[in-house]
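First up is the structure itself, then whatever we jot down about it.
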Amino acid sequence: MAAIGKIRSWGPVLATVIGLALFAFIAEEMFRSCEATGNERRQQVGEVLGKKISVQEFQTLTDEFQEYMKVAQNRDNFSEEELNQQKDQVWQLFVSNTIVEKEAEKLGLTVTDEEMQNILKDGQHPFLLQPPYLFVNQETRRFDANQLTKFLDEYKKMQQQGGNAQMAEQYATIYKVWKFMEKVLRQQLLQNKYNALLAQCMLSNPVSAKMAFEGQNEESDVLLATIPYSSIKDDEVKVDDADLKAKYEEKKEQFRQYFETRDIKYVDFQVVASKADRDALMKSMKEAQQQLESGVAPAEAVRKAQSLISYAGIAAQRSAFPNDIAAKIDSMQVGQVTAPFETAYDNTLNVVKLINKVQLPDSVEYRQISVGGTSLDDAHKRADSIYAALQAGADFEALAKKYGQTGDKQWMTSSMYERMQTIDPDTKEYINTLNTLGAGETKNLSLSQVSIILQVTNRKAMVTKYDVAVVKHTIDFSKSTYSAAYNKFSQYVSENKTLADLEKNAQKFGFNIQERSDLSSSEHNVAGLRSTREAMKWIFDAKDGDVSPLYECGNNDHLLVVALTKIHPQGYRDLESVKEELKQQVINDKKFDKAAEKLAGVKDMATAKQKGAIVDSVRQITFAAPVFVQAAGASEPVLSGAVAAVKQGQVSPSVIKGNGGAYLFQVLSKKQREGVKFDAKQQAQQMQQQAQQMVGRMAMNELYLNANVVDKRYLFF
């Protein structure tokens, strides 16, 4: 009992201990949960209608798209700019598809498997008939569903049974590209269904079709009286804050901003080669020139000079060389070597030797038999035997089949090898042999690892080709030059911590302050420089007036410091930020009032001219296109509508307010264009298509604005 009593006396203490333990457990779980949520948020590229996409998911979509583009364009890689464009396309597809899928779900719109099969069987959908032309029948020029079925069966068998690794890789690539195409096709069909549904809101009829036709094809000639705004001095009109505020309220919707942007000022300093750097490179280039002139093997001279363009030893067409090299070889003699010359656009010094100039086919049709054996000698003996049989009249295809090959004819074009940077000796001999054999000739070609019987069956398009050794070297700065530039820029940044100081002392250090307004997070760089992602991240995390640290960027040849000057949040731009734009509009309004006052009551062009207007004839005005007025230097859509509403012989009932001036006009003639006839059905169909496109754009814009799109790609790409 005493023990029980003692335990009871510990009750409050035990309760506290247990409570603390429970709290610690719960807090730990909450911390883990918050940490996991935070990590997940930090990995998010963006969000559309609440649907989040992680960096891994976005990268997967990008990889799919790039694999498709590689096959479609027959390329192995892309430039940084092209890769950025592709990322933008992937993002736009993700946004639009997410929006359409959400709307389609509300409306019960779907694309069934049966619809997909019907589209594939029909074989005429435009998406299926564009590069990479997978499963397109070359004779019918239509997508062939049977080819697709056959491929899928072969791919499945290959997955199950294994086989040739290279072929398996090719099949896997084609399969991935097809799955991407299938997904995109389904998305396009859903988008088309949605647009078609919206287009029913805009119906055409014979009356509107007739009016549209006349508007497009009725041409009017007019006498136009113009008082340009530029003819009235700015100091003749007075603009006050009340005018600006009133204009701001009138135009406020034009200043609605749907995503945040930021204004910056920055200093971008490019490090370039010093005189000492250039002199050292010039010495090296003259040594390369001397070696090429003295007969040193071109490959050795080019390699020793560390040229950007290696020597392949294969003649190529002029178009295969960089523009500066191609421009030189046209006027060179065989054996000639140029002195070092500079090319500004790629910042290089160059030396060129024209080794040979020959006429060779652009395309060669050939067939071959690859000959193996228990040893290289055995292979050579077999090849000699096959070659002898062919010389005696044996059938090429029959011999090829005997050795497990088809002997099918194939084409080799210049584009397949001319831009190759490195070519091994065997490949070089193989290509040169094909290029120099005549049609119908056969050769037993012994290479280092195999013997090949080559037979050329056709040659096409004889062209001039050049065997050229090129030493091309970038005019680089040295480490000491970069170090000196970095120290100078670093001193500038460290001594000037505010924007005011950066601006005050820029000239002292030899730098220029530059500005950029409305930088958005969807852009890929700062100031057009590569490798500025860290600077972008800083800009969209900084506060007004902040100055960034020093960034090394570009191709490791630029130094950058950034100051954030203004944040434009999502919503309406404030009056101050659009003041100059509004001021010009108010000035034009007041100038129009003055011009309209001059032209008030004018009933003919002669009187208008007396009032100071410039009178000139303008021909072939239609309702469908804006009028460019030479006297005002402006495009004036308002005149197209005004002229269409006035009958022949009449003067416009009032002064017309344009972008560049005030106008009166007299219609001299109205007539329909010759050679065009009204087709009510065709015109109605055209209007329906235009309506579908217009409604689709308007709907997508409206849906986008309400989709709460969050784009944080700048944090990752």
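The values are calculated or read from the model by the stated rules, or taken from the named source; none is laboratory data. None of these values were measured; they are calculated from a predicted model. In this analysis, Cβ positions are derived from the backbone assuming ideal geometry, glycine residues included, and neighbour counts consider all displayed protein chains. When the accessible area is computed, the model is the full protein with side chains, heavy atoms only, and any ligands, DNA or RNA have been set aside. Shrake-Rupley method; radii C 1.70, N 1.55, O 1.52, S 1.80 Å.
Couple of notes before you dig in:
- Accessible area (Å², 1.4 Å probe, nearest 10) - S415: 100 Å²
- With the whole protein complex present, T474 retains an accessible surface near 40 Å², based on a 1.4 Å probe.
- For segment 277-368, the equivalent ellipsoid derived from the alpha-carbon gyration tensor has semi-axes of 26, 15, 13 Å in decreasing order.
- The stretch between D235 and L705, if pulled fully straight at 0.36 nm per residue, gains 165.1 nm over its current Cα-Cα span.
- Taking the charge dipole of segment 382-539 about its Cα centre, with +1 at Lys and Arg Cβ atoms and -1 at Asp and Glu Cβ atoms, the residue from I431, A469, Y492 reaching farthest to the positive side is Y492.
- Gained length - R42 relative to A398, 0.36 nm times residue gap less alpha-carbon distance: 121.7 nm
- Rolling a 1.4 Å probe over the protein heavy atoms of segment 224-333, with every protein chain left in place, gives an accessible area that is 47 percent carbon and sulfur.
- The length gained by stretching the chain between Q317 and N192 to full extension, at 0.36 nm per residue less their Cα-Cα distance, is 40.4 nm.
- Cβ-Cβ FRET estimate between A168 and R278, R0 fixed at 45 Å, reported to 0.05: 0.30
- Remark: segment 48-106 carries 54 Å² of accessible area per residue (probe radius 1.4 Å; ligands, DNA and RNA excluded).
- Per-selection Rg to Rh, segment 128-220 - Cα, Kirkwood hydrodynamic radius: 1.30
- Selection of trypsin sites (Lys or Arg not before Pro), segment 422-494, meeting DSSP coil and at most 14 other Cβ within 10 Å: none
- Largest-first principal axis extents of the Cα set of segment 470-525 (Å): 48, 32, 16
- Fraction of accessible area attributable to carbon and sulfur, segment 607-659 (%, probe 1.4 Å): 50 percent
- Axis of helix 206-217 versus longest Cα principal axis of the chain: the two differ by about 80°, to the nearest ten degrees.
- Radius of gyration over Kirkwood radius for segment 643-717, both on Cα atoms: the Rg/Rh ratio is 1.24.
- Placing unit charges on the Cβ atoms of the charged side chains and taking the dipole of the chain about its Cα centre, the candidate lying farthest along the positive direction among Q43, N588, A209 is A209.
- Residues of segment 165-194 with amide N under 14 Å of the 7 Å Cα→Cβ point at T60: 180
- Fraction of alpha-carbon pairs over 22 Å apart in segment 163-272 - percent: 79 percent
- Dipole-positive endmost among F716, Q620, Q610 within segment 582-717 (Cβ charges, Cα centre): Q610
- The chymotrypsin sites (Phe, Trp or Tyr not before Pro) of segment 82-152 that meet both conditions, a loop assignment by DSSP and at most 15 other Cβ atoms within 10 Å of the site Cβ, are Y133.
- For the chain, the Cα-based Rg and Dmax, in that order, read 36.7, 124 Å.
- Solvent-accessible area assigned to carbon and sulfur over segment 100-156 amounts to 46 percent, based on a 1.4 Å probe.
- Considering only the Cα atoms of segment 295-446, their convex hull presents on average a projected area of 11.4 nm².
- Pairs of alpha carbons in segment 49-99 separated by more than 15 Å make up 48% of all such pairs.
- As a calculated quantity, the FRET efficiency between T498 and S478 at R0 = 30 Å, using C-beta atoms, amounts to about 0.35.
- Mean-position separation - Cα centroids, segment 318-337 and segment 497-545, in angstrom: 43 Å
- Accessible surface for segment 325-467, divided over its residues, is 51 Å² per residue with a 1.4 Å probe.
- 1.4 Å probe accessible area per residue over segment 221-283, in Å²: 58 Å²
- In a DSSP loop and with at most 12 other Cβ atoms within 10 Å, the chymotrypsin sites (Phe, Trp or Tyr not before Pro) in segment 232-329 are Y258.
- When both segment 66-120 and segment 398-467 are represented by their alpha-carbon centers, they are found 40 Å apart.
- Exposure ranking of K121, K579 by accessible area [1.4 Å probe, largest first]: K121, K579
- The per residue volume of the convex hull around the alpha-carbon atoms of segment 175-223 is 149 Å³.
- Amide H contacts of V615: T226, each under 5 Å away and 5 or more positions distant or on a separate chain (H built 1.01 Å from N in the peptide plane; Pro and chain starts excluded).
- Computed about its Cα centre, the charge dipole of the chain is approximately 560 debye, with only Lys, Arg, Asp and Glu carrying charge at their Cβ.
- For the chain, calculated [θ]222 nm from helices alone, where every DSSP H run of n ≥ 4 adds -39500 (n - 2.57): -15500 deg cm²/dmol
- log10 of Debye I(q)/I(0), alpha-carbon scatterers only, for segment 580-674 at 0.20, 0.23, 0.25 Å⁻¹: -1.03, -1.32, -1.50
- Backbone HN-Hα couplings from phi across segment 643-659 [Karplus 6.51/-1.76/1.60, Hz, Gly and Pro as x]: 5, 4, 8, 10, 6, 4, x, 8, 9, 4, x, 8, 6, 9, 8, x, 6
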